[in-house]
Amino acid sequence: MGVTGPPGPVMDRDEVDRALARLGAEHKAVEDSLLALQDHAGRRLLEGAELTGTTKDRWATTEQTITLLWTYFDAYTAALNEAREVRARRRWPGREELAELTERLRGESVTVSGTSAKLAERFTLERLVDRMNELYASSLDTVVTADAVWSALPARIDLLAAELHRTRSLAHSVGVRPGEHPAGDDLESITHELATLRAQVVTDPLAFWRPAAGSSAPGGGRPDTDRYDRAARALEDVRREIEAVLQVRQDSEARLLRLRDVLSRADRTLAEARAARGEVLAKIAASEVPVVSGPPTALQERLATAAEYRRHAQWHRLSPLLEALEREAEDELLRAREQLTAVTAPLAVRAELRGRLDAYKAKVTRHGMAEDPLLIERYDAARRMLWSAPCDLRVAEQAVLRYQRAAAEVLSGPGPVDRRGSQ
């Protein structure tokens, strides 16, 4: 819809003709816009819908506005036709006719009655066009925004509802049901939310419109999809969880076998640690040897429960149990290995001392000092301590150190000497 030319003093014939042509174009533009609004799909939907809330209030106002628009348009049409009739009287209008045409074209010559609490409103043709433009823009905004929401959200909600239905069927096939599994409760919640959301979108679309900041154009903005997006994300989370349960159904046997193997390795490691503890207590004196825990019976019982779930196809129960058992079984194997390491630490210390003693003996032998009486004496003393049971590691370590120091002195001195006094 357009605007008229500027007002002015008494017009001449050419100005009148140009103004009439311009007003005729305005009339055509206004008529086309009103007819397009009348035929707009959004307006037809609004007329036939059971509306609530914001949309109901705005559409009631918009319907009145559209009625008023046609009233203004009829008044505009009548005023334009009357002006055309005056102009058609004579090919060369006189001054009185030009003054009348000026008043009709530029003055407050249009009277519209019964449009409000006032008895009548008076407009210039230009102001009437402006007024129609304002009312048209507000009416079009209501129609366009409602149509945009209806075009966008219900279809998307329906697609998501179809996906929800497929997910629910899949969930039921693996035993995920409301009251039995959190994902089943989530599906119920999403189902209720989508049904509520669709009903609200259909009856109150304008409540789901987010206007663009700083935009005054009709329909400036976008549908508010926040609730839809949250439901879609929640459904995706549930779908991933259902897929995980399905995956459990497919690979549960292999996972149970792996679990049994891990727990068996942990049990064997603990048995080895218990046996090693007995050996340490028998062979190592004055040593703190930690107590070895028993076999992981609690995990074995839970593993039996998992196998029972699998036999009865209770996949939704098996899935979280398997995940927990896999973590705990690996932890149990790690603890068993740590206990074995802790128990056998004294034997490792003894082995290190034996190795160190033999290494120095070999070094001394390479330098031809193996027959040194002090070295022989100190070697034999250290060896007796390390190869006898129970072995006192602290005393044995001191004996090895004495042999090391004596060997260092022999290797750095001029030759073998008697150093018994340096013990």
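The values are calculated or read from the model by the stated rules, or taken from the named source; none is laboratory data. Fair warning: this is a prediction, and the values are worked out from it, not measured in the lab. Cβ sites come from the backbone with ideal geometry, for glycine too, and all protein chains shown count toward neighbours. In case anyone asks, the SASA skips ligands and DNA or RNA and just uses the protein heavy atoms, side chains included. Shrake-Rupley method; radii C 1.70, N 1.55, O 1.52, S 1.80 Å.
Conditions tested, residue by residue: (1) of a type in the set (Asp, Glu); (2) in contact with a His (Cβ under 7 Å, 6 or more places away or on another chain); (3) open to solvent by less than 20 Å² (accessible area, probe 1.4 Å); (4) closer than 17 Å to Val343 by Cα.
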{"residue": "Ile242", "(1), (2), (3), (4)": "no, no, yes, no"}
{"residue": "Val245", "(1), (2), (3), (4)": "no, yes, yes, no"}
{"residue": "Ser252", "(1), (2), (3), (4)": "no, no, yes, no"}
{"residue": "Val262", "(1), (2), (3), (4)": "no, no, yes, no"}
{"residue": "Arg268", "(1), (2), (3), (4)": "no, no, no, yes"}
{"residue": "Glu272", "(1), (2), (3), (4)": "yes, no, no, yes"}
{"residue": "Ala285", "(1), (2), (3), (4)": "no, no, no, yes"}
{"residue": "Glu288", "(1), (2), (3), (4)": "yes, no, no, yes"}
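Kindly provide the set of residues from the stretch 56-81 that are under 25 Å from Pro154 (Cα atoms) and crowded, with 17+ Cβ neighbours inside 10 Å, ordered by number.
Arg58, Trp59, Thr62
If you take the residues of the stretch 311-329 that are open to solvent by 80 Å² or more (accessible area, probe 1.4 Å) and under 17 Å from Asp251 (Cβ atoms), which of them is nearest to the chain's Cα centre (by Cα)?
Residue satisfying both the conditions and the ranking: Glu323.
In this structure, does Val129 turn out to be part of a strand (DSSP E or B), within 16 Å of Leu68 (Cα to Cα), at pLDDT 80 or above and not basic (Lys, Arg)?
no
Can you tell me which residue within the stretch 139-182, out of those that are surrounded by fewer than 17 Cβ atoms within 10 Å (Cβ to Cβ) and of a type in the set (Gly, Ala, Ser), is nearest to Arg222 (Cα to Cα)?
Ranking the qualifying residues of the stretch 139-182, first place goes to Ser151.
Out of Leu393, Leu375, Leu386, report the one residue that is under 17 Å from Val289 (Cβ atoms) and open to solvent by less than 50 Å² (accessible area, probe 1.4 Å).
Criteria check complete, one pass: Leu393.
Please determine whether any residue of the stretch 293-304 is of a type in the set (Gly, Ala, Ser), under 30 Å from Val174 (Cβ atoms), open to solvent by less than 70 Å² (accessible area, probe 1.4 Å) and in a helix (DSSP H, G or I).
Checked the stretch 293-304: at least one residue is of a type in the set (Gly, Ala, Ser), under 30 Å from Val174 (Cβ atoms), open to solvent by less than 70 Å² (accessible area, probe 1.4 Å) and in a helix (DSSP H, G or I).
Can you find even one residue in the stretch 399-417 that is among the polar types (S, T, N, Q) and surrounded by fewer than 18 Cβ atoms within 10 Å (Cβ to Cβ)?
Yes, the stretch 399-417 contains at least one residue that is among the polar types (S, T, N, Q) and surrounded by fewer than 18 Cβ atoms within 10 Å (Cβ to Cβ).
In the stretch 21-55, what residues are open to solvent by 20 Å² or more (accessible area, probe 1.4 Å), among the hydrophobic types (A, V, I, L, M, F, W, C), out of contact with any Gly (no Cβ under 8 Å at 6 or more places or on another chain) and closer than 30 Å to Arg104 by Cβ?
Ala21, Leu35, Ala36 - these are the residues of the stretch 21-55 that are open to solvent by 20 Å² or more (accessible area, probe 1.4 Å), among the hydrophobic types (A, V, I, L, M, F, W, C), out of contact with any Gly (no Cβ under 8 Å at 6 or more places or on another chain) and closer than 30 Å to Arg104 by Cβ.
Which condition number does Ala99 fail, the rest of (1) more than 49 Å from the chain's Cα centre (by Cα); (2) farther than 21 Å from Asp130 by Cα; (3) of a type in the set (Gly, Ala, Ser); (4) buried (at least 20 other Cβ atoms within 10 Å of the Cβ) being met?
(4)
What tally of residues in the stretch 167-221 results from selecting those that are assigned to a helix (DSSP H, G or I), among the charged types (D, E, K, R) and under 26 Å from Val143 (Cα atoms)?
Adding up the residues that qualify gives 1.
Here is a check on your reading of the model: is Leu128 open to solvent by less than 70 Å² (accessible area, probe 1.4 Å), more than 29 Å from the chain's Cα centre (by Cα) and without any contact (Cβ under 8 Å) to a residue 60 or more places away in the chain?
Yes: the conditions hold for Leu128.
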